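Shown next, in structure tokens, is the structure this report addresses.
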Amino acid sequence: MSRIDRKDQIITAALELFRSKGFADVSTRDLAEHAGLSRSHVYHYFSDWNELRREAFVRFANEQLDEVREPLADAPPLEALVGFLSDCLPSTADAGWALWLDAWDEAMHDAQMAQAYLVINARWQSMLAEVIECGVAAEVFRCQSPQRAARQIFALAMGYADDLMLKPSAESAEAVLDEVLEVARLLLGFSRPLLANCCRLVL
């Protein structure tokens, strides 16, 4: 097996464990046993445990971003906006959401994880800005600065997401989505009837 393939094997195994148990409850021994490797193999491919957690999180976050992006690519702007924000708000106790919290906590003590986290966040904001730009071009949205609006809307959604992660439910996520979309409507200038019709189609 090539070096790249072996490293990929370790990251894949680590992600499976991190998603099920969290960063704090996975040891090198756990990972080595799960991947079918020796502990020395793990440190042969990663300089330390922090590097492995960082690379695993970056892969997870990028894969999640791609999963969100794909169905929105051909959607009308308002439907894409609703779909994007729906994906930002946890409605179930999915282990993937907990991994975001683990990474954020790690970022408070690891400058490299903090940088990786900020880069990922910037990619999410950029995708939202693209949705807004498409809406402006289609004259569905009215907004002088899509980048600024994207930062504001994304920050609001993430603030709500933190609370939802503690006690997720479909009802709570739907209520929060309504509130975030109300702010988005004020920032982007689309009408209530248009939003109501879109939500019936998307949700």
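What follows is calculated from the coordinates using simple rules that are stated; it is not laboratory data. Just so you know, these numbers come straight off a predicted model, no measurement behind them. We place every Cβ from the backbone using ideal geometry, glycine too, and count neighbours over all the protein chains shown.
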Treating only the Cβ of Lys, Arg, Asp and Glu as charged (+1, +1, -1, -1), what charge dipole size does the chain show about its Cα centre? Round to the nearest 20 debye.
320
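Would you kindly state how much longer the chain becomes between Arg39 and Asn121 on full extension, computed as 0.36 nm times their sequence separation minus their alpha carbon distance, in nm to one decimal? Working shown, then result.
Working: separation 82, 0.36 × 82 = 29.52 nm, distance 3.22 nm.
Contour length minus the Cα-Cα distance gives 26.3 nm.
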Over the Cα atoms of segment 11-113 the radius of gyration and the largest Cα-Cα distance (Dmax), both in Å, equal 16.0, 51
Which semi-axes, in whole Å and largest first, does the equivalent ellipsoid of segment 69-172 have when worked out from the alpha carbon gyration tensor as the square roots of 5 times its eigenvalues?
26, 18, 11
Whole-Hz Karplus ³J(HN,Hα) for segment 31-38, in order, using 6.51 cos²θ - 1.76 cosθ + 1.60 and θ = phi - 60°, x for Gly and Pro?
5, 4, 5, 5, 8, x, 10, 7
Pull out the extension gain between Glu67 and Ala111, defined as 0.36 nm times the separation in residues minus the alpha carbon to alpha carbon distance; nm, one decimal.
13.1 nm
What residue among Ala24, Ala35, Tyr45 has its Cα farthest toward the positive end of the dipole of segment 1-46, where the charges are +1 on Lys, Arg and -1 on Asp, Glu, each on the Cβ?
Tyr45
From Cα pairs below 8 angstrom and at least 6 apart in sequence, can you work out the relative contact order of segment 51-203, rounded to a whole percent?
32
Residue-averaged 222 nm ellipticity for the chain, from DSSP H runs of 4+ at -39500 (n - 2.57), nearest 500:
-26500 deg cm²/dmol
